[in-house]
1. Just for segment 89-109: of the residues that are of a type in the set (Gly, Ala, Ser) and within 25 Å of the chain's Cα centre (by Cα), which one is nearest to Met66 (Cα to Cα)?
2. Quick check on segment 208-226. Is at least one of its residues over 29 Å from Glu259 (Cα atoms), over 23 Å from the mean Cα position of the chain (by Cα) and surrounded by fewer than 13 Cβ atoms within 10 Å (Cβ to Cβ)?
3. If you check Arg316, Arg325, Arg335, which single one turns out to be over 21 Å from Gly262 (Cβ atoms) and open to solvent by 40 Å² or more (accessible area, probe 1.4 Å)?
4. Name the single residue that is farthest from Arg178 (Cα to Cα) among those in segment 112-155 being hydroxyl-bearing (Ser, Thr, Tyr) and surrounded by fewer than 19 Cβ atoms within 10 Å (Cβ to Cβ).
5. Please enumerate the residues belonging to segment 1-17 that are at pLDDT below 95, open to solvent by 40 Å² or more (accessible area, probe 1.4 Å) and not charged (D, E, K, R).
6. Checking Arg327 against (1) over 16 Å from Val185 (Cβ atoms); (2) under 18 Å from the mean Cα position of the chain (by Cα); (3) assigned to a loop (DSSP other than H, G, I, E, B): exactly one of these is not met. Which one?
7. Please work out which residue is nearest to Arg9 (Cα to Cα), limiting yourself to segment 69-90 and to residues that are in contact with a strand residue (DSSP E or B) (Cβ under 7 Å, 6 or more places away or on another chain) and either at pLDDT below 95 or in a loop (DSSP other than H, G, I, E, B) (or both).
8. In segment 241-267, how many are touching a residue at least 24 places away in the same chain (Cβ under 8 Å) and over 16 Å from Val186 (Cα atoms)?
Amino acid sequence: MTEALDLARRGRGRVSPNPMVGAVLVRDGKVVGRGWHRRFGGPHAEVETIADAGSKARGATLYVTMEPCCFHGKTPACTHAVRLAGIKRVVVATLDPNPRVNGRGMRCLREADIETSVGLLAGEARRLNEGYFTSLRKHRPFVILKVAATLDGMVADATGHSKWITGPKARAIGRELRLGADAIVVGVGTVIADNPRLTRRTKSRGQYVRVILDSELSTPLKSLLFTEPGPILIFTSSNDASRAECFWAKNVEVVRVSEDDGGLLKWKEILAELHRRQVQTVLIEGGATVASSALEAGVVDKMYVFQSPRMLGPGRLFTSGIAPRPRSHPIQLVRVEHRCLGRDFLTEGYVHRAH
């Protein structure tokens, strides 16, 4: 199953809104077939693996990271392929939360006298597809906040510039996070100060949305991100139709949402619209206002905090928009991991939500 999970990861950035799935066929103690879901609309992992094994699939055991589908969508049902291949046993890491599957695939296999089991490395399999599970179970995207800060918590200097706070190893991991995101979100301040392209730097990955939070539609029309192909979405509270038309002329969508009591765009409405567009994983990259407002709104699921051993003094503090909390009730990360990245330090963890 560990190998199947490694194979599944090869589909990162290519299969959404489908989940990443990998599979391995074992017969007489030897691996006879391997496969993974390579692209959205393409053959599923089970079909790829059966094709790789050929006639050796008969009588083999299939290890697959998610329950085989049992309905004909863009591709035929995987349960049908498993039955036709003569596979005798199927070991699944986790059930598929899709209401059209969710146990039905396993039941279909059992009815065909195929031995089944569920739960091997289930936690790893669900973590691999956190966006997929969150989208189906909570009807919203899984939200990741990436922060690159100095030792004193600044994500930009006093003028708003943030390039480059961390070193190349930290930036490389940041680029990897982009590969798994369906949408990358920044505030207009970051666009003005850094003029980013927000690209994945690889042409082999699937489509993703670049999102700008811009209350007053003040994004410069000559920004570099408008020179790169791919969908761009601006969320705003502005009623300036003529200004909005300037963006529409560049094939940039403008969506109006409400403001919260603090005059910032409402995250609930932003995420609802992204969910409607089948965005499952959102990566928030900055700046300070966007980061702190997402934390204050309670929408962040996971954080990657890259810390540089430098201090800037007064600048843009990424927690500046968070209301004071008592020491007994902080915003807290759980399941925390730490990594040294050359001179920099990474803290990775899930935001704990008290109930």
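1. Within segment 89-109, the match that is nearest to Met66 (Cα to Cα) is Ala93.
2. In the first step, residues of segment 208-226 are kept if they are over 29 Å from Glu259 (Cα atoms); the result is none.
Checking segment 208-226: not a single residue is over 29 Å from Glu259 (Cα atoms), over 23 Å from the mean Cα position of the chain (by Cα) and surrounded by fewer than 13 Cβ atoms within 10 Å (Cβ to Cβ).
3. Values: Arg316 fails: over 21 Å from Gly262 (Cβ atoms); Arg325 fails: over 21 Å from Gly262 (Cβ atoms).
None of the others qualify; the one that does is Arg335.
4. Filtering segment 112-155 down to residues hydroxyl-bearing (Ser, Thr, Tyr) leaves 116-117, 132, 134-135, 150.
Now narrow it down to the ones that are surrounded by fewer than 19 Cβ atoms within 10 Å (Cβ to Cβ): 116-117.
Values: Thr116: 36, Ser117: 34 Å.
Across segment 112-155, the extreme among qualifying residues is Thr116.
5. Ser16 - this is the single residue of segment 1-17 that is at pLDDT below 95, open to solvent by 40 Å² or more (accessible area, probe 1.4 Å) and not charged (D, E, K, R).
6. Tallying (1) over 16 Å from Val185 (Cβ atoms); (2) under 18 Å from the mean Cα position of the chain (by Cα); (3) assigned to a loop (DSSP other than H, G, I, E, B), Arg327 fails exactly one: (2).
7. Taking segment 69-90 first, the residues in contact with a strand residue (DSSP E or B) (Cβ under 7 Å, 6 or more places away or on another chain) are 82, 87-90.
Within this subset, residues satisfying the condition of being either at pLDDT below 95 or in a loop (DSSP other than H, G, I, E, B) (or both) are 87-88.
Values: Ile87: 24, Lys88: 26 Å.
Selected residue: Ile87.
8. Selection size over segment 241-267: 9.
The values are calculated or read from the model by the stated rules, or taken from the named source; none is laboratory data. What you see is a predicted model; the values in this text were computed from it and never measured. For neighbour counting, all protein chains shown are included, and Cβ atoms are generated from backbone atoms with ideal geometry for every residue, glycine included. Ligands, DNA and RNA are excluded from the accessible area calculation, which covers all protein heavy atoms including side chains. Shrake-Rupley method; radii C 1.70, N 1.55, O 1.52, S 1.80 Å.
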